[in-house]
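All remarks here apply to the structure that follows.
The values are calculated or read from the model by the stated rules, or taken from the named source; none is laboratory data. Remember, it's a predicted structure, so these values are computed and weren't measured experimentally. Heads up, the Cβs are rebuilt from the backbone with ideal geometry, glycines too, and the neighbour counts pull from every protein chain shown. All accessible areas refer to the heavy atoms of the entire protein, side chains included, with ligands and DNA or RNA removed. Shrake-Rupley method; radii C 1.70, N 1.55, O 1.52, S 1.80 Å.
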Amino acid sequence: MPEKLALVAGARGIVGGNLVDRLLQQGWRVIGVSRGDGGPTRPNYQHIGCDLLNPAACAAIAPELRSVSHVFYTARASAPEPAAEIAANLGMLRIVMEQLLSQADGLRHVCLVHGTKWYGSHLGAFRTPAREEDPRHAGSNWYFDQHDFITAYQKGKAWTWSTVRPHIVFGIAVGYPFNLVATLAAYASLCRESGAALDFPGSARAYNALSQATDTNLLADAMIWSAQSSEAANQDFNVINGDYFRWCNLWPSLADSFGLRCGEPVSRRMSELMADSDNRWDALVSRHGLASVRLDMLANWHFADFLFKTEWDALSSTVKIRQAGFDRPLATEKSMLDIIAEMRCRKLIPS
């Protein structure tokens, strides 16, 4: 087979960053594209700074990407208004395919990252366990626009596509606004510093609802598998850890890992509870000699508010991906605790 050269669009995010690491570990050559710098220099890795919403900039670097064989599209643009979010996310993907990859004649696969919002998990109770063939939720969603574009654009071409649909993605990342474990780790660290119990900032119903999560390493492995498996060609896959959980069962373990008393559901927004926490965090960083990372680079209280107000079950079926050949069990509680331990090693939170 020809050499594998991966393009990771959005290479500095929580999904893209961990995917780059995983690809390099498995012997791929990788080009990462994102705004800003690419971090430390590494063998077999090239970073290109580029705004994916700029067609001219993307066209200018297209010659550097003519040998790309696989694309992992992890870029995401957030906007307060749905119409603007759709326009930005569809626009980026269109520019990547039509401008950035205009000279990639050996392209073999394009993998996109979506999620369980496909089923309406953000809107209220939905059919569970959600299956890939379930109908789209009512209303707009940028996932739908990207999916419609990639399936239409691929017709008549030699390459294939796939999409993955995770839920509550977590891993090691700094500066990514949707990393729940980093937010929880910062919250627990501040609770320990003040001597408070680790209260659950949500309702009793949310505390007891069934939920699910996706470790970034598992997601990366599933994406790499889907990019190479004939069974994954032109298919959508739910990618979830090997279990489901209730916060009421997981919360005591989180509290114990910080030496805290496990509190109770308090039905109060985290953005209110932690409104004055920036100065306390700066003092904590100084006192414990931590890495100089601002609190807002680790924690996103509004994102936690969104997750902890979910009072309905969120479950996805993994039958399709397992039957297609990817079956890797992963325990969510252990995964979360391992990431917290790694954050301590990196001095992102106190030991």
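Projecting label points 7 angstrom from Cα along Cα→Cβ for residue 197 and residue 234 puts them 5.7 nm apart. For residue 152 and residue 46, the FRET efficiency from 1/(1 + (r/R0)^6), where r spans their Cβ atoms and R0 equals 22 Å, is about 0.10. Close amide H contacts of residue 330 (hydrogens built in the peptide plane, cut-off under 5 Å, sequence separation of 5 or more or a different chain): 242, 243. With all protein chains kept in place, the per residue accessible area of the chain amounts to 43 square angstrom at a probe of 1.4 angstrom. Note on the chain: with a GNM built from Cα contacts shorter than 10 Å, the maximum mean-square fluctuation among 234, 54, 279 falls on 279.
State the Cα centre-to-centre distance between the stretch 141-175 and the stretch 231-250 in whole Å. Result: 16 Å between the Cα centres. Once semi-axes √(5λ) of the Cα gyration tensor in Å is worked out from the coordinates, which option in [x] 42, 38, 15; [y] 34, 23, 18; [z] 36, 20, 19 does it equal? Read-out from the structure maps to [y]. Fully extending the segment from residue 105 to residue 268 would add 53.3 nm, taking 0.36 nm per residue of separation and subtracting the current Cα-Cα distance.
For the stretch 38-60 and the stretch 99-140, what is the separation of their Cα centres, given in Å? Between the Cα centres of the stretch 38-60 and the stretch 99-140 lies a distance of 25 Å.
Across the accessible surface of the stretch 1-98, with the other protein chains kept in place and a 1.4 Å probe, carbon and sulfur atoms take up 51 percent. Here's the picture: a label point sits 7 Å out from the Cα of residue 138 along the beta-carbon direction, and within the stretch 62-103 the residues with their amide nitrogen under 20 Å of it are 82-83. Within the listed set 288, 109, 122, the Gaussian network model of the chain (springs between alpha-carbon atoms below 10 Å) gives the highest mean-square fluctuation for 288.
Between residue 214 and 167, 169, 170, 241, the built amide H atoms are under 5 Å apart, and every one of these is 5 or more places off in sequence or on another chain.
By its C-alpha gyration tensor, with a ≥ b ≥ c as the square roots of the eigenvalues, how is the stretch 274-351 shaped: rounded for a/c under 1.5, else prolate for a/b larger than b/c, else oblate?
Here the stretch 274-351 falls in the oblate category.
For the chain, averaging the sequence separation of C-alpha pairs within contact (under 8 Å, six or more residues apart) and dividing by the residue count gives a relative contact order of 19 percent. From helices alone, the chain scores -11000 deg cm²/dmol at 222 nm; the rule is -39500 (n - 2.57) for each run of n ≥ 4 DSSP H residues, then divide by the residue total. Per-peptide packing, taken as the mean over residues of other Cβ atoms within 10 Å, places 184-191, 135-142 in the sequence 184-191, 135-142 from highest down. What is the calculated FRET efficiency for residue 328 to residue 127, with r their C-beta to C-beta distance and R₀ = 22 Å, to the nearest 0.05? Between residue 328 and residue 127 the formula returns 0.30.
Between residue 341 and residue 278, the FRET efficiency from the beta-carbon distance, with R0 = 25 Å, is close to 0.50. Taking a Cβ cut-off of under 11 Å around residue 175, the surrounding Lys, Arg, Asp and Glu residues balance to a net charge of +1, with basic ones at +1 and acidic ones at -1.
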